[in-house]
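Let me begin by presenting the structure, written as C-alpha cells, before commenting on it.
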Amino acid sequence: MHTHWKNVRLVGWAHEVPDTEITSAALEERLWPLLERADVERGSLEAKTGVRARRWYGPDVDPEPVAARVAQRALLDAGLRGSDVGLVINASIDHRLFEPSGAHVVGRQLGVSEDAVLFDVRNACLGFLDALSIAADRIESGAVETALVVAAEAGGMRRAIDAAIDEALAAGAVTPELWVPLTMGCGAVAWVLGAATRSEGRASLDGCVTKNQAAHGELCVGRIEDSGRLSIRANGPGILRKGVPLIAATFEQARARGASLEQVFMHQVGSAHRAAVERELGAALHPRSAIFRDFGNTGPVGMPLAVSLAAEAGTIASGPVTLLGAGSGLSATVLSLTWGAA
C-alpha cells in the first residue's frame, strides 16, 4: 500500500517518560540465581540488547489517563483546544479497558465536540505510524482539519515484565524468549496533525508505503491471559531474520517514491536490531534515534518519542525526514516528512 499527501502538517507534539529508572543490572539481580546457574555473566542483558536502562510507571498506572495528559500538552503546544480536534486515534498496545476505546477516554478529557471521531488502532510497535497515516488520509480528504494521535505504554507493560520474571523464577530456568520482555519500557507521546490551510506547521507529511509478511505472525505474540495480564513471547533471532529484509524491501519501494536516507528515525528494539537494519539499508540511522539505550523498547511510543527528543534538542535539519517502523505480524511502514516545510 502506498499513499501521498499534499495538505497535511505536523503542528504540535508532547511526550512523557516516567521518573523511575530501572537498569538492566537491576533486572539481572532479580534473576541472578537463574543466570548464575546458567553460567550467564553479569552485564549480559545490556551487552546483548544495548539497553542500559528503561523507565517504568507503577504497575497500577493505567495508560488511558497518561495518554489524555500527554494529548492535552500536545494540543497546548499546537495552540489548539479540544474543540478544534476532529479525530482522535489511540495507538497504545497497553490498555486497561476493553471498552470504551482509549480514544474516548482521551476525547472526554480534551473536551472534543460531539462531531469528533474517536477510535483505537492497535498494530504492535507499528501502531503510531499506522494511526498517523489514517489521520493524514482523513485530513487530505477534507473530512477533518485537525487530528490527534497518541500512545501510552504504562502499567500493563510493567506488569507483563514483572510476570515474565516471576514465571522464570518459578520455573527455575531462563529461556531465550525472556530477553525481549526484559527490554520493555514505558512512556507516552502525542502528535497533532492539521490541514495546511490552517497552519504551516513544523513539518509536512508527504506519503507512506506499507508492506507485510503475515505468514510470520507467530514470531512475536502478545496474549491477554485469563488473569487479564499481558504476556509476551518473542523469537528475537527470527524477528531479525525475517523482519530486517522486509524493512529494507519497504524502504526500497518508498525510496522509488522519494523517501530519503538522510535523516531516518526508526522504531528499534535494541542494538542488534539497529545494526542489522543499518547494514541492510547501507546507511546510518539518525544518531538521536537510538533511545532504546536509556528508555528501552517502548513499542509504538519509541519512534515518535525519538523524533520529539531530537526536535527539542535541535538536531533535526530542515529537509527530508524518514520515519521507519516495523511491528509484529510482520508489517513495515515508511512515512516521509519534510521538516521545516511551509
With the cut-off at 13 Å, report for region 168-217 the share of all Cα pairs above it, as a whole percent. 79
Here the gain from full extension of Glu29 to Ala283, 0.36 nm per residue of separation minus their alpha-carbon distance, amounts to 87.8 nm
In order through region 4-9: 3J(HN,Hα) via Karplus (6.51 cos²θ - 1.76 cosθ + 1.60), integer Hz, x for Gly, Pro: 9, 10, 10, 10, 10, 10
R0 of 30 Å, Cβ-Cβ distance Ser260-Gln213: FRET efficiency to nearest 0.05: 0.75
Once the other residues with Cβ under 10 Å from the Cβ of Ser199 are scored (Lys, Arg +1; Asp, Glu -1), what is the net sum? +1
For the chain, just run the numbers: alpha carbon Rg, then divide by 2.2 N^0.38 Å, N being how many residues it has. 0.96
Does region 1-125 come out rounded, prolate or oblate by the C-alpha gyration tensor, with a ≥ b ≥ c the root eigenvalues, rounded set by a/c under 1.5 and, if not, prolate when a/b is larger than b/c and oblate if not? prolate
Sort 288-300, 196-208 for me by packing, meaning the mean count of neighbouring Cβ atoms within 10 Å per residue, highest on top. 288-300, 196-208
When the helices in the chain are scored as -39500 (n - 2.57) per DSSP H run of 4 or longer and the sum is shared across all residues, what 222 nm value do you end up with, to the nearest 500 deg cm²/dmol? -11500 deg cm²/dmol
Gain upon complete extension [Glu114, His2; 0.36 nm per residue less C-alpha separation]: 37.2 nm
Quick one: what Rg and Dmax do you get for region 1-53 from the alpha carbons, in Å? 20.3, 59
Based on the Cβ-Cβ distance of Ala38 and Thr197, what FRET efficiency does E = 1/(1 + (r/R0)^6) give at R0 = 56 Å, to the nearest 0.05? 0.40
So for each of 262-269, 21-28, 70-77, 182-189 I average, over its residues, the number of other beta carbons within 10 Å; can you give me the resulting order with the highest mean first? 182-189, 262-269, 70-77, 21-28
Simple spin-label estimate for Asp19 and Ala143 in nanometres, 7 Å along Cα-Cβ: 4.1
So, by mean Cβ neighbours within 10 angstrom, what's the order for 36-45, 155-164 with the highest one leading? 155-164, 36-45
Hey, what did the chain get for relative contact order, percent, Cα under 8 Å, at least 6 apart? 25
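Every read-out reported here was derived from the displayed coordinates using simple, explicitly stated rules and does not represent laboratory data. No experiment lies behind these values; they were computed from the predicted model shown. Note that we place each Cβ from the backbone using ideal geometry, even for glycine, and neighbour counts take in every protein chain shown.
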